[in-house]
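Student: One structure, as structure tokens, below. Some questions next.
The values are calculated or read from the model by the stated rules, or taken from the named source; none is laboratory data. Note that the coordinates shown come from a computational prediction; the quantities given were computed from them, not determined experimentally. All Cβ positions, glycine included, derive from the backbone under ideal geometry; neighbour counts span all protein chains shown.
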Amino acid sequence: MSDRTNELASFRWLAQVAVPGLFLLLPACGGNMEDPKIELNSKASMRYEIIARIEGSPAALDGFNASVNYQVTNESCVPMTPVSGVKVAPTKRIDLEVVPIGNNEYRMFVFADRLKDEDYFGKGICHWSLVAVSVIARKGETEFSAGIFQKSITAQSSVSTYYSKNALAGTIKILDSGSDRQSTYADASNTFAISLDAKEAVK
């Protein structure tokens, strides 16, 4: 599979465990990684602008929100869980401010180094890394999920996720994760897309 297909498969998993659009915060050492001990990096400088565009939709959507997910990359700084005896890399989700800038077009900013590397468990410095930015667009009862992963963000590239226009009826309560290929659909002309463009932003 292509890197983009692998990324989309990973994002589908993230979206599924995060319904309705919230990333799972995994437990570590029996605790919750929403613990306020996790600090923001006051000197964060790796700032990126993400522009989301809903392309080809015949109607305005009812809502749009976004979040960014981070994960500790070195499990050596995390103690084993008391029951399973395994180490679970902590994750943290942060909501992003979404600013409408046009018809079905939105802007948000994200810092790749937003969380502070720190010794949170007394086992050495935990190093945080950006995993992905996820967005959820809503139409009626239906939510459309899309995401852009760290590799694409730092490469300042664009990714698109395609959906059937039939789903815009919004009558079904479902999280639609779409496809990275328009050709997935029998009638490509009956699709719309959420495109996410990333570029480095001057602080």
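Student: Among the residues of segment 183-203, count how many are surrounded by 15 or more Cβ atoms within 10 Å (Cβ to Cβ) and closer than 15 Å to Gly56 by Cα.
Tutor: 7
Student: Does Gly178 satisfy the condition of being under 16 Å from the mean Cα position of the chain (by Cα) and at positive phi?
Tutor: Values: under 16 Å from the mean Cα position of the chain (by Cα): yes; at positive phi: yes.
Yes.
Student: Something else: Residue check, Leu168 against (1) surrounded by 14 or more Cβ atoms within 10 Å (Cβ to Cβ); (2) in a strand (DSSP E or B); (3) among the aliphatic types (A, V, I, L, M), all met but one. Which one?
Tutor: Checking Leu168 against (1) surrounded by 14 or more Cβ atoms within 10 Å (Cβ to Cβ); (2) in a strand (DSSP E or B); (3) among the aliphatic types (A, V, I, L, M), the one that fails is (2).
Student: Examine segment 107-119 for a residue that is of a type in the set (Phe, Trp, Tyr), more than 26 Å from Glu200 (Cα to Cα), touching a strand residue (DSSP E or B) at 6+ places or on another chain (Cβ under 6 Å) and buried (at least 17 other Cβ atoms within 10 Å of the Cβ), and state whether such a residue exists.
Tutor: no
Residues checked against (1) at pLDDT 90 or above; (2) part of a loop (DSSP other than H, G, I, E, B); (3) in contact with a helix residue (DSSP H, G or I) (Cβ under 8 Å, 6 or more places away or on another chain):
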residue	(1), (2), (3)
Ile38	no, yes, no
Arg53	yes, no, no
Ala60	no, yes, no
Asn65	yes, no, no
Val68	yes, no, no
Thr81	no, yes, no
Lys87	no, yes, yes
Asp95	yes, no, no
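To keep it simple, each residue is scored yes or no on (1) at positive phi; (2) in contact with a strand residue (DSSP E or B) (Cβ under 7 Å, 6 or more places away or on another chain); (3) free of Cβ contacts under 8 Å to residues at least 24 places away in the same chain.
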residue: Ile54; (1), (2), (3): no, yes, no
residue: Leu61; (1), (2), (3): no, yes, no
residue: Ser76; (1), (2), (3): no, no, no
residue: Pro82; (1), (2), (3): no, no, no
residue: Val86; (1), (2), (3): no, no, yes
residue: Arg93; (1), (2), (3): no, yes, no
residue: Ile125; (1), (2), (3): no, yes, no
residue: Ser129; (1), (2), (3): no, yes, no
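Student: When the residues of segment 100-120 are filtered to those that are more than 14 Å from Ile54 (Cα to Cα) and not in a loop (DSSP other than H, G, I, E, B), which remaining residue is modelled with the lowest pLDDT?
Tutor: Initial filter on segment 100-120 (more than 14 Å from Ile54 (Cα to Cα)): 108-120.
The next check asks that each one be not in a loop (DSSP other than H, G, I, E, B); those that pass are 108-111, 115, 118.
Numbers: Met108: 97, Phe109: 97, Val110: 97, Phe111: 96, Leu115: 96, Glu118: 93.
Top of the filtered list is Glu118.
Student: Looking at (1) touching a strand residue (DSSP E or B) at 6+ places or on another chain (Cβ under 9 Å); (2) farther than 15 Å from Lys199 by Cα; (3) touching a residue at least 24 places away in the same chain (Cβ under 8 Å), find the lone condition where Val99 falls short.
Tutor: Unmet for Val99, out of (1) touching a strand residue (DSSP E or B) at 6+ places or on another chain (Cβ under 9 Å); (2) farther than 15 Å from Lys199 by Cα; (3) touching a residue at least 24 places away in the same chain (Cβ under 8 Å): (3).
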